[in-house]
Each structure stands twice: as structure tokens, then as C-alpha cells.
1. Residues with beta-carbon under 15 Å from that of L232, excluding L232: net charge, scoring Lys, Arg +1 and Asp, Glu -1?
2. Would you give the gap between the C-alpha center of segment 141-165 and the C-alpha center of segment 197-249, rounded to a whole Å?
3. May I ask what percent, to the nearest 5, of DSSP beta bridges between residues of the chain are antiparallel?
4. Quick check: from the Cα gyration tensor, does segment 193-325 come out rounded (a/c under 1.5), prolate or oblate?
5. How large is the translational diffusion coefficient of the chain in µm² per second when you combine the Kirkwood radius over alpha carbon pairs with Stokes-Einstein at 25 °C and 0.890 mPa s?
6. In nm, to one decimal, how far is the modelled label at A116 from the one at A323, with both set 7 Å along Cα→Cβ?
7. Take the Cα of A193, step 7 Å along the line toward its Cβ, and report every residue of segment 212-255 whose backbone nitrogen sits under 16 Å from that point.
8. Could I have the simple spin-label model distance between T257 and T105, label points 7 Å from Cα toward Cβ, reported in nm to one decimal?
Amino acid sequence: MRRHFLASATVAVAALSLAACGTTEPSTDDTAAAGKPAGKITLTDAKGTKVTLDGPATKVVATEWNVVEDLVALGVDPVGVADIKGYTTWNTAAPLTGSPKDIGTRGEPSIDTVAALAPDLVVATSDLAPAVVKQLRKVAPVLEISSADAADQIGTMTDGLDLIAKATGKEDKADTVKKEFEKTLADGKKALADAGLGGAEIATADGYVASNQVSVRAFTGGSLLGAVNEQLGLKNAWTVEGDKSYGLATTDVEGLTGLGDVQFPYIVNDIDGDPFTGNLAKNAVWKSLPFVKDGNVHRLPDGVWMFGGPRSMEAYADSLVDALTK
């Protein structure tokens with residue numbers, strides 16, 4: 001399913017450097033009577049655009065699932081969310097709160113729907129087409145978060161969280177979320193080491209069927225899941241080269257023959273079906289693979305969003321550790 005979500009992004013989006021810095025500018029209003037400083041918030045987003053808010057944003061629209069997740073993790077109920085059905089299917093780590101309005105697809109949100117919500121901030125990602133961002137800026141300030149960067153996926157993820165936190169006045173909560181994420185990784189690394197799996201080779205994947213052929217997508221060392229694997233003390237076994245943004249590569253069942261004796265966790269969704277237990281079940285090449293013979297193929301739970309924020313990566317790490325150590 002994600003192939004539909006990222007087809008244009010993985011071709012067109014180059015790795016972006018983050019410039020997620022925030023400052024608070026004192027207001028010219030008389031703030032002494034309020035007993036604390038108040039003022040406008042000026043942020044520089046991932047595209048280098050300065051975004052000025054009158055104060056912490058409370059009515060926020062989100063056009064991509066990772067930023068929706070970040071808002072929920074920070075305790076902010078988004079008033080508008082792109083493709084709510086898809087989000088609730090693919091991201092169970094941060095369930096939606098409140099009653100957000102569906103604003104359309106993530107690639108083409110409805111400008112009229114967004115305008116009707118009268119948001120004080122729209123949070124988008126660098127994958128959103130510039131023409132759409134330009135239209136959204138006519139409605140409200142738009143803060144663009146870097147979607148992905150194979151050079152530093154975890155840093156890109158947490159920098160995006162920090163930028164959203166500055167825009168919404170939730171910086172303390174962001175610190176808590178990051179500490180919980182770090183603890184999950186540390187606990188998972190210890191659990192794997194205790195089970196004798198420290199340094200084990202891993203090849204995380206997902207898969208889909210097109211024209212009766214199974215395509216396998218490799219989450220290389222440059223992917224977000226690959227970066228989490230490394231933090232868990234595992235060694236990425238993929239030798240194919242991933243794209244510069246998401247660290248993803250595509251192969252077929254024959255391309256799996258070079259993996260050797262690895263752990264093979266994968267993520268699919270019941271909506272698309274499971275090509276590994278379905279289409280490949282009687283495939284001679286698949287059945288001959290060492291990790292298949294050894295029972296080292298692990299389907300991870302549904303609802304783990306492979307391109308999400310800290311909450312999704314905690315869910316991935318927990319489910320992976322559980323699968324490998326059971």
C-alpha cells in the first residue's frame with residue numbers, strides 16, 4: 001500500500017537538510033499585566049521559510065501521517081487530518097483524539113476544506129507539491145517538515161518533532177517523547193543482547209503484488225526502520241542501495257537469495273494481503289531461502305507505520321524485539 005503513498009516522493013524528493021530553529025519575538029503589546037512574556041513565534045522550517053505565528057498554534061491541520069502522529073504525541077488534537085481512514089489503519093501507535101475533519105488525500109488536500117476549518121497553522125512535509133503549499137499559505141501559515149533523509153533518519157524525525165513542538169508550545173512534552181523513545185531503544189537493545197541476538201543480521205521488508213508478481217521492498221540501512229535496527233544493536237543485511245530520501249530499494253524473490261541466514265521481519269496490512277504467506281508460499285526460490293527454512297521469517301503486527309514518528313518507532317522496536325526473542 002505504501003508504494004502508492006511514496007511513489008512520487010521516492011523519485012522526486014531529494015534529501016533535505018533541516019533548519020528547524022525557533023525563536024520567540026516579544027510582542028509590542030503590553031504584556032506586563034499578564035504576568036509572563038507573550039509574543040509572536042518565528043520559526044524557520046525545513047525549506048528555510050520563516051513562519052510567524054501570533055502565539056502557540058492550537059487549531060492545527062496536518063497533511064501527512066507522520067506529522068499527525070507528532071501532534072497527537074505532543075497532546076495537540078489536530079482539527080484537520082489527511083486521509084483519516086488510512087491513518088487509523090496504518091498508524092495505531094498514536095490514535096487520533098478529538099474529532100478531526102478529513103481534508104482529503106495527503107498529496108492533494110482540499111483547500112476549501114482546510115479554509116473552512118480556519119486553522120492558525122498547517123503542518124505539511126517536504127513531499128507536498130510546492131503548488132499545493134502555495135495555495136495553503138493563502139489560508140494559514142504553513143510549516144514544512146522534512147519528510148526523510150537517508151543520511152540521518154532519526155535526527156530528521158526528532159528535529160521535525162521539535163519544530164512542531166515549538167510551533168505549538170509543547171517543547172517540554174517533546175523532550176518527554178524523545179526520552180521515552182530513547183529508553184525503548186535501550187531496553188530493546190539489552191533484551192536482544194540478553195537473548196544472544198546482539199549483532200544479528202536483519203533484513204526488514206514489506207511486499208506487494210503487481211501483475212501476479214511479488215515485489216519486495218527493502219528497508220536498507222538508510223531507512224528509518226534500518227536506523228532503528230542499528231540502534232537496537234542489529235546489523236542490516238541488505239546490500240541493495242536505497243534512495244537518498246527514504247533509504248528504500250525494490251527487489252524480487254530472486255533478489256533475496258543473497259541474504260543468507262538472516263532474520264526477516266516484514267510489515268504488510270490485511271487490506272493488501274500477505275504476499276509472503278500467500279503468493280510465495282509455494283514458490284521454490286522462497287522455500288529454499290535459509291531464513292525461510294530456519295523459521296526466521298516474522299510478520300510484525302498491523303498498524304506499525306514505517307515512516308512515522310517516535311511513537312511508531314517505539315511500536316516497531318517493541319514488536320521486533322518480541323518477534324525475535326519469543
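1. On the way: positive: K183, K189, K190, K235; negative: E182, D187, D194, E201, E230, E314, D318, D322.
For residues surrounding L232, the net value is -4.
2. The distance from the Cα centre of segment 141-165 to that of segment 197-249 comes to 21 Å.
3. Values: 21 of 39 bridges.
Here the share of antiparallel DSSP bridges comes out near 55 percent.
4. On the way: a/c = 1.42, a/b = 1.24, b/c = 1.15.
It is rounded, given that a/c, with a ≥ b ≥ c, falls under 1.5.
5. Working: Rh = 20.7 Å.
Estimated diffusion coefficient is 119 µm²/s.
6. In this crude label model, A116 to A323 measures out at 4.0 nm.
7. What the label zone holds, given the 16 Å backbone N cut-off, is 229-235.
8. Result: 3.8 nm between the two label points.
Bear in mind that the values in this text are calculations on the coordinates, not laboratory data. Please read all numbers here as calculations on a predicted model, not as lab measurements. Neighbour counts run over all protein chains shown; Cβ positions are idealised from the backbone, glycine included.
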